[in-house]
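The values are calculated or read from the model by the stated rules, or taken from the named source; none is laboratory data. Since this is a predicted model, take the numbers as computed values, not measurements. Don't worry about glycine lacking a Cβ; one is built from the backbone with ideal geometry, like all the others, and counts go over all protein chains shown. For the accessible areas, the whole protein counts, side chains as well, though only heavy atoms, and no ligand, DNA or RNA atoms are used. Shrake-Rupley method; radii C 1.70, N 1.55, O 1.52, S 1.80 Å.
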Amino acid sequence: MRTAYPAGREILGRRFSGRSWVWLPVLALAPALSGWSLNAVAQKEDSREAAQVLPIPDTVLAPEWMEIRKELQVESKDTFGVFHEFRFSDRVEESGIEFVHRIVDDSGKYWKPVHYDHGNGIAAADVDGDGLEDIYFLNQIGANQLWKNLGHGRFRNMTEVAGVGLADRISVAAAFADVDNDGDADLFVTTVRQGNILFENRGKGEFKDVTSESSLVYSGHSSGSVFFDFDRDGLLDLFVTNVGVYTTEQVGRGGYYVGVEDAFGGHLRPERTEKSLLYRNLGDRRFEEISAKVGLVDEGWSGDANPIDVNRDGWPDLYVLNMQGNDEYYENVEGRKFVKKSRELFPKTPWGSMGIQVFDFDNDGRMDIFLTDMHSDMSEGIPPLFEKLKSNMQWTPSRLDVPREQSIYGNAFYLNQGQGRFREISDQVGAENYWPWGLSAGDLNADGYIDAFIASSMNYPFRYGVNSVLLNDGGKTFRDSEFILGVEPRRGNRTAGPWFELDCDGKDKTHSRCGQRSGRFVVWAALGTRSSVIFDLDGDGDQDVVTNEFNSEPMVLVSDLAERMPINYLKVKLQGERSNRDGLGARVTMQAGAQSYTRVNDGKSGYLSQSRLALYFGLGNASLVDRIEVIWPSGERQVVSGPIQANQQLEVKEPGGRDSGSE
């Protein structure tokens with residue numbers, strides 16, 4: 001088993017000896033705070049005045065282990081074969097983005113282990129047709145926000161004009177896709193028990209709610225959603241994952257449904273099951289729910305999903321994540337039905353799957369699968385320097401409800417061996433990390449190999465958790481690089497922020513945090529990320545990262561790669577004709593000299609998110625592309641002959657006219 005940081009030796013003057021060492025107290029799914037590692041509570045003598053935060057100990061704002069990890073990671077650079085001499089800087093202030101994510105009280109003042117702490121997605125698309133990708137941030141309490149890209153890293157709030165705020169709903173996930181084949185980005189949003197929503201883009205980024213006429217009116221505990229053309233009729237179909245019942249009928253502050261106390265045991269109760277839903281696109285923005293009709297009946301506690309054509313027959317299959325139990329894989333039989341082949345292809349899956357990305361890790365032309373596992377990590381607390389180890393899984397078998405031999409207790413990386421065979425190699429390639437939600441994949445250093453950004457954390461009432469950046473070292477292994485690239489520590493070395501306020505002389509005097517205290521307090525907690533999207537937000541040719549945080553402002557992580565060195569890349573924007581307009585499901589292979597690169601356009605940009613973005617190909621030292629081959633969902637095989645000059649966006653239009661679609 002691979003570990004990034006050595007155990008049983010002296011590190012920077014400290015002696016460590018395996019997982020028994022505890023650097024910080026951490027509680028797994030327990031409501032009590034863990035001392036200084038989690039929060040600071042401040043009291044002002046005159047409780048009639050606004051609550052103030054007294055000076056916070058360095059142990060809160062600058063945990064000592066962070067510096068240790070940074071030094072160890074920087075020391076490891078000598079073993080890298082991958083280019084890493086560039087950095088990200090958080091330019092949220094310079095960007096003009098003023099969105100702040102806000103949480104329900106179940107994740108703050110009245111914290112309980114319930115699915116609200118899974119947070120929200122973030123999606124990107126050019127919604128107004130100006131050639132620049134805009135950003136949609138989802139929220140729990142308060143409005144979602146759509147920010148218009150003005151170019152050069154600047155943004156303006158266009159939520160009101162667009163009409164997509166949904167301030168009266170508890171949102172979860174978003175997916176941009178052209179559902180009516182008219183050339184612009186429509187938007188689908190999931191919510192908790194307040195109805196999912198389909199917005200039609202009427203052009204120039206003005207949206208209309210067409211949910212009722214679309215029949216996408218399901219109201220429950222929905223989570224992720226993904227558009228894909230499962231029957232290859234040129235119209236994008238929709239799969240919506242439903243977690244299962246985790247709320248009561250009580251309504252809390254802000255209009256959310258208060259969570260049940262035993263939310264994470266609820267998957268064992270049949271009455272709390274909510275089936276995920278497959279909708280067929282009938283045209284004219286109308287959908288029909290057909291899950292049972294085609295045999296795609298998934299009853300797991302599913303938070304997200306991803307299409308992947310495992311058997312390369314041209315029909316998109318579906319991998320569905322289960323956040324407590326086995327993941328499921330459904331093979332698409334010529335668009336007529338789905339057949340469950342989960343254990344045949346994936347005998348062992350992560351027990352607590354949360355995020356997924358499908359990409360070609362080693363440039364062999366086969367799509368590999370990277371899965372993150374949050375809930376296995378929640379079964380035990382481990383010290384920060386041992387986060388590259390798999391979980392020991394402390395919960396009892398009855399709680400697991402899955403035979404131990406069928407589960408991986410941590411992240412999984414399935415290397416595609418061809419002919420429907422996968423080999424799980426997460427530890428061999430360094431894909432493990434701690435408290436991961438989802439991941440975004442992209443070529444961060446433009447060398448032709450896909451890297452990963454893993455949004456990670458737990459926030460209140462847990463210690464700080466770092467986001468992970470894994471640089472792909474030539475398709476052989478991932479290199480931990482978040483400190484090397486400046487992603488950690490965060491801007492201003494911030495690891496904590498104000499979480500909620502208590503009036504211990506008034507309405508909150510019975511709160512568990514008040515105890516014998518009197519007066520007004522501000523409780524602080526660890527900051528943390530939930531979702532991310534990777535794209536070139538400032539138009540300089542390299543890949544940047546934007547995050548959606550939990551109860552805080554986003555990070556706008558701008559890369560300086562293009563400033564540090566000349567880079568070569570090609571962006572490919574697809575336009576389907578007989579296929580769906582977005583070209584979702586298309587397979588693109590690019591030949592540049594002796595090197596070949598393959599991308600599949602699935603739109604899956606991160607946790608709880610699907611975006612409408614051009615495919616990005618880093619080209620390493622190659623300044624010319626010799627050949628591009630596109631296999632469209634229609635089955636059309638198209639070749640674009642070179643030489644094609646690097647450092648541009650190339651639009652590739654499918655040959656032939658449209659014979660299906662809508663007005």
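Couple of notes before you dig in:
- Solvent-accessible heavy-atom area per residue, rounded to whole Å², over the chain at 1.4 Å: 35
- Once backbone amide H atoms are built at 1.01 Å from N, ASP178 has ASP186, ASP582 as its partners under 5 Å, excluding neighbours fewer than 5 places away on the same chain.
- Distant-in-sequence amide H partners of ILE308 (H built 1.01 Å from N, under 5 Å): ASP317, LEU318, TYR319
- Solvent-accessible area of segment 467-614 (1.4 angstrom probe, protein heavy atoms only): carbon and sulfur portion equals 43 percent.
- Given R0 = 22 Å, the distance between the Cβ atoms of THR248 and SER219 translates into a calculated FRET efficiency of 0.90.
- Looking at segment 577-640, none of the trypsin sites (Lys or Arg not before Pro) sits in a DSSP loop with at most 12 other Cβ atoms within 10 Å of its own Cβ.
- Within the chain, percent of DSSP bridges classed antiparallel, to nearest 5: 90
- With each label modelled as a point 7 angstrom along the Cα→C-beta vector, the TYR110-ASN647 pair spans 5.8 nm.
- Counted residue by residue at 0.36 nm each, then reduced by the alpha carbon distance between them, the extension gain from MET565 to ARG404 reaches 53.1 nm.
- Length added when fully stretched, ARG193-LYS507, from 0.36 nm per residue minus Cα-Cα: 110.2 nm
- For segment 521-535, 3J(HN,Hα) computed residue by residue from phi via the Karplus equation (6.51, -1.76, 1.60; θ = phi - 60°) reads 10, 10, 8, 9, 8, 5, 6, x, 9, 10, 8, 8, 9, 10, 6 Hz, glycine and proline entered as x.
- Cα centroid separation, segment 279-319 to segment 583-640 (Å): 23
- Label separation (GLU160 vs ARG343): 5.8 nm, computed from points 7 Å beyond Cα along the C-beta direction.
- With both labels modelled 7 Å from their Cα along Cα-to-Cβ, the ARG517 to GLU98 distance reads 3.1 nm.
- Accessible surface of segment 102-188 [probe 1.4 Å, protein heavy atoms]: carbon and sulfur percent: 49
- Helix 64-75 and the longest principal axis of the Cα set of the chain meet at an angle near 40°.
- Sites ASN311 and ILE290, calculated FRET efficiency, Cβ-Cβ separation with R0 22 Å, nearest 0.05: 0.50
- By the compact-protein rule of thumb, 2.2 N^0.38 Å, the alpha-carbon radius of gyration of segment 423-569 corresponds to a ratio of 1.31.
- Under Karplus coefficients 6.51, -1.76 and 1.60, residue-wise ³J(HN,Hα) of segment 121-136 in Hz, glycine/proline x: x, 8, 10, 10, 6, 7, 7, 10, x, 9, x, 10, 7, 9, 10, 10
- Of the options (i) 26.5; (ii) 28.2; (iii) 25.1, only one is Kirkwood radius over Cα pairs in Å as computed from these coordinates, and that is (iii).
- Partner lysines for LYS509 [C-alpha distance under 20 Å; skip if fewer than 8 residues away on the same chain]: LYS44, LYS109, LYS112
- Hz values of 3J(HN,Hα) by residue in segment 557-569 - Karplus curve (6.51, -1.76, 1.60), Gly and Pro given as x: 8, 9, 7, 9, 3, 5, 7, 7, 7, x, 10, 10, 7
- Maximal additional length on extending the GLU85-ILE425 stretch stands at 119.7 nm, based on 0.36 nm per residue less the C-alpha distance.
- Accessible-area composition of segment 209-269, carbon plus sulfur, in percent [1.4 Å probe]: 48
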